[in-house]
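Below: the structure, in structure tokens.
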Amino acid sequence: MADDVNIPGITNKYNSQEAINKIMETKRVKLTEMEKEKENIIEKKNTLNEIKQKSILLQSLSKKLYGFEAPFDEKITQSSNEKAFSGTANKNAEIGEYKIKILQKAQSHKVSSNPLPKKFTVREGVYNFKVTNEIIKIQFSGGTLNDFVNEIKRQSRGLLKANVAFTTPNTQVLIMEAAKTGENNFITFYDEKTQKLFKEMGFYQEVPAYEKKFELKQSSLTSYNTNFNPVIKNDILTVDRLESYKFNLSEKIPYREGLIFEVDMKINILDPSKEEITIPGGPNFTKKGELNIFDIYVEGESSIVNIPPYKTPEKPEVVEDDHFIDIITNKRTIKVDQLNVTEKTATLKFNINDIISKDENIEAVVFKNNNTYKKLEVSNIRFYDEKSKSGIKFKNELTSPQDAVIEFDGIKIKRPTNTIDDAIKDITLNIFDKTDREENLKVDRNYEKIVGSITEMLKTFNELIEMINNETHSSADPEARGKFSGDYSIVSLGSKLRIIMMNPYSTSFGKELTMLAQIGISTDASGTFQMNKEKLKGILEIDENLFINMMEKYPAGIKELFGMDTNNDLVVDSGVAFELDKLIKGYALTGQGLFDSRTRTYDEQIANTSKDIKDYQAKLEKEEKDLKNKFYKMEKAMQDLEQNTKKIDNFNKQNSGR
């Protein structure tokens, strides 16, 4: 409504304002209707956008239920000892249970100095360290131990850690640690200047190195076979299939702390199909002396020796045996566990302290090959003291470098890190601590993720259906009527969505598995069988127990129910999730789908209505202004008339008084 008319000099004596308001109020009814129409269009646009966003979300969730993102092959692991180890499995991991024993966890090399004075300083210079094959060069301008530590952290490229700890208020120690775990990642002071500084700080002391290498010679070998014919070439002993050799050490090896036995080994796998069968030779014992005389056949004589015909021998039973080494001491023969020997030459390392007792001496090593189609190669036999191999011994070795060692299916597996991704196919093990006994790692489908993904999709589906139901609701009461009541396109979207969820689909299991209801997804999954308006509207439920039971029975079938390649072209072309994605794609296609085309129409209607409102408002303002002018002139005339009447009356009074 317009403000009251304010005409200077006019007192609204003749109710001009009320008259103008009544006239304009009648004219503003149309303006109100136009504004309400605009609001309705904006509300329809906003509601359509909500339906669009919910549809796009449903499409996105549906896409994740077929194709490479589908959760049906997702696996999860469960460790019987989470404090010792855990596991992660990818989609290709086999479901099952594995027996694992953690013998030791991998750890890094960590050493410290002797206690040093609080004011200890490090001289200026270039200090070189070596970790495995990496040279670490630290340039230092001189300063405190903390200054030195800061330079190590800055210049070591993340290969070396350093820290200072105060043992007393007046003494401190320098702690050095290799960043990587593994028995080969030990810290070495690389040059004379570095060795001098760290020896002064009490990191190590020089000790005689202990290392014994043994040459493979035929004279040192004893055969366990009938034929003694060892093949040694380039210091490599070849142990043929079903052969064993005892290698007598030229010097007995006594027990000592830190004693390590190393040997290089590899296998060559033979192809059974290329085996040649040699037929034994010998004299010819066939008949001799056959003659034909005047068409009379005279039979020859057979050998007096009755030799049966040669029969090709059957192929030997295939034997697979990974026990390649026995260790012989002065007291017993020790069978070493199965070894992971491959076709690539690798160094096998044995901690002798774990194998023999303190009163034993090693006298010989047996190399045996009980395999039918493998040859074993052996080289570089050596024993050494790990703690004095380099001629130095650390005084304060906080942790020695070591590999993680696990036992899987009776085979010992060593890796330099506590993350092992190649021991069990498609499973990564994370080692935290050793175990006292054999533990279990269980691999199963990730039912929680599978059910969660489907539940999230169903929740979004139900919200979209409910939104469509509400906005397409028909009613005689305009206030209760939905914004898209009678709108075929939106009603059709809801109908098509419901049909997709109810339709049967092809799977590899035929009639046993064709519909969502068979896996516990329906409008009455709870099994109440009661009439319910929500169920009649297509709202879905999931029976999780039934679904998991069916998932265990038909894992591939349920995956196919949501998305399946029916014509073997490697592209999914059927299934619930596929059809939902396909349907919504047509509605939500950018620029071309129903949602965007309808939104453009609404935008045009809003723009046109806004222009009409603006034009009509201008028209009303002009009409109101004209009315104000007319009423002003009318009241001004009436005022002038009243004033003139008063003047005449006054003049008449004056004349009558004379």
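The values are calculated or read from the model by the stated rules, or taken from the named source; none is laboratory data. Worth saying up front: this structure is predicted, and the values here are computed from it rather than measured. With ideal geometry, Cβ positions are generated from the backbone for all residues, glycine too; neighbour counts draw on all protein chains shown. The area values use the complete protein model at the heavy-atom level, side chains included, leaving out ligands, DNA and RNA. Shrake-Rupley method; radii C 1.70, N 1.55, O 1.52, S 1.80 Å.
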Report summary line: Checked pairs for the stretch 203-230, first under 16 Å from Gly258 (Cβ atoms), second open to solvent by less than 30 Å² (accessible area, probe 1.4 Å) and among the β-branched types (Val, Ile, Thr), C-beta under 8 Å and 6 or more apart or across chains, list as Tyr204/Val111; Lys212/Ile253
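Of the residues Lys331, Lys412, Lys358, which is open to solvent by 20 Å² or more (accessible area, probe 1.4 Å) and without any contact (Cβ under 8 Å) to a residue 40 or more places away in the chain?
On inspection, the qualifying residue turns out to be Lys331.
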**Report entry** Residue within the stretch 294-306 that is open to solvent by less than 90 Å² (accessible area, probe 1.4 Å) and either modelled with pLDDT of 90 or more or among the acidic types (Asp, Glu) (or both) present
**Finding:** no
Query raised in the report: Within the bounds of the stretch 14-35, is there any residue that is modelled with pLDDT under 95, open to solvent by 60 Å² or more (accessible area, probe 1.4 Å), touching a helix residue (DSSP H, G or I) at 6+ places or on another chain (Cβ under 9 Å) and in a loop (DSSP other than H, G, I, E, B)?
Result: yes
Requested in this report: Report, by residue number, each residue of the stretch 401-419 that is assigned to a strand (DSSP E or B) and either more than 26 Å from the chain's Cα centre (by Cα) or of a type in the set (Phe, Trp, Tyr) (or both).
Outcome: Gln402, Phe408, Ile411, Lys412
Query raised in the report: Counting just the residues of the stretch 477-510 that are of a type in the set (Gly, Ala, Ser) and under 20 Å from Leu65 (Cβ atoms), which one comes out surrounded by the most Cβ atoms within 10 Å (Cβ to Cβ)?
Result: Ser506
Query - Residues of the stretch 154-185 that turn out to be within 32 Å of the chain's Cα centre (by Cα), exposed (fewer than 14 other Cβ atoms within 10 Å of the Cβ) and within 20 Å of Gly125 (Cα to Cα), as a count - result: 1
Report task. State all residues of the stretch 361-392 that are within 28 Å of Tyr204 (Cα to Cα), of a type in the set (D, E, K, R) and surrounded by 17 or more Cβ atoms within 10 Å (Cβ to Cβ); if no residue qualifies, say none. Result -> Asp385, Glu386, Lys387
Query raised in the report: Do any residues in the stretch 431-456 that are touching a residue at least 40 places away in the same chain (Cβ under 8 Å) have Cβ atoms under 7 Å from those of residues that are aliphatic (A, V, I, L, M) and loosely packed, with under 14 Cβ neighbours inside 10 Å, where the two are at least six apart or on different chains, and which pairs are they?
Result: Val443/Ile95; Asp444/Ile95; Arg445/Ile95
Report summary line: Taking the stretch 229-261 and keeping residues open to solvent by 70 Å² or more (accessible area, probe 1.4 Å) and of a type in the set (Asp, Glu) leaves Asp235, Glu251, Glu257
Query raised in the report: Taking the stretch 265-277, which residues are at pLDDT 85 or above and either surrounded by fewer than 16 Cβ atoms within 10 Å (Cβ to Cβ) or over 30 Å from Lys358 (Cβ atoms) (or both)?
Result: Lys266, Ile267, Asn268, Ile269, Leu270, Asp271
Query raised in the report: Residues of the stretch 43-78 being among the aliphatic types (A, V, I, L, M), over 19 Å from Ser485 (Cα atoms) and assigned to a helix (DSSP H, G or I), which ones?
Result: Ile56, Leu57, Leu58, Leu61
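Looking at the stretch 617-626, is at least one residue in contact (Cβ under 8 Å) with a residue 24 or more places away in the chain and aliphatic (A, V, I, L, M)? Can you show your working first?
Keep residues of the stretch 617-626 that are in contact (Cβ under 8 Å) with a residue 24 or more places away in the chain, which gives 617, 620, 623-624.
When the remaining residues are screened for being aliphatic (A, V, I, L, M), the result is 620.
Yes, there is a match, as at least one residue in the stretch 617-626 is in contact (Cβ under 8 Å) with a residue 24 or more places away in the chain and aliphatic (A, V, I, L, M).
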Query raised in the report: Looking at Asn128, Asn133, Asn114, which one is of a type outside the set (A, V, I, L, M), in contact with a Lys or Arg (Cβ under 6 Å, 6 or more places away or on another chain) and farther than 22 Å from Asp421 by Cβ?
Result: Asn128
